[in-house]
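The values are calculated or read from the model by the stated rules, or taken from the named source; none is laboratory data. As the structure is a computational prediction, the values presented were derived from the model and not from experiment. Ideal geometry is used to build each Cβ from the backbone, glycine not excepted, and the neighbour counts take in all protein chains shown.
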Amino acid sequence: MATLTIRIDDRLDAELRELVTRTGTGRSAFVREALRRQLAIARLERLRRRVAPFAEAHGWVTDEDVFDEVS
């Protein structure tokens, strides 16, 4: 397993400490899960940019357009 060292400001550190204390989650576990989620969001955004021209060609511009089509 790799180790990653980051610097965060005091306010963010205090928020993180309070949250992990309240939830009983370790700091590392919390940060790993946050990073996983952010990476998933980045993958989804990249995918949306790739398929956008095809979706727009079919008249799908928003998420609601897609939901209306498949509902």
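Condition check ((1) modelled with pLDDT of 95 or more; (2) in a helix (DSSP H, G or I); (3) polar (S, T, N, Q); (4) touching a Pro at 6+ places or on another chain (Cβ under 8 Å)) across all residues:
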{"position": "Met1", "(1), (2), (3), (4)": "no, no, no, no"}
{"position": "Leu4", "(1), (2), (3), (4)": "no, no, no, no"}
{"position": "Asp13", "(1), (2), (3), (4)": "yes, yes, no, no"}
{"position": "Arg43", "(1), (2), (3), (4)": "yes, yes, no, no"}
{"position": "Arg46", "(1), (2), (3), (4)": "yes, yes, no, no"}
{"position": "Pro53", "(1), (2), (3), (4)": "no, yes, no, no"}
{"position": "Phe67", "(1), (2), (3), (4)": "no, yes, no, no"}
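You will find that of Arg7, Arg27, Arg32, Arg37, the residue that is exposed (fewer than 10 other Cβ atoms within 10 Å of the Cβ) and of a type outside the set (Phe, Trp, Tyr) is Arg7 and no other.
Of Val61, Val20, all but one fail to be of a type in the set (A, V, I, L, M, F, W, C) and either part of a loop (DSSP other than H, G, I, E, B) or at pLDDT below 95 (or both); the exception is Val61. All told, Leu16 meets the bar of being surrounded by 10 or more Cβ atoms within 10 Å (Cβ to Cβ) and in contact (Cβ under 8 Å) with a residue 12 or more places away in the chain.
Scanning the range 20-44 for residues that are of a type outside the set (A, V, I, L, M, F, W, C) and under 16 Å from the mean Cα position of the chain (by Cα) turns up Arg32, Glu33, Arg36, Arg37, Gln38, Arg43.
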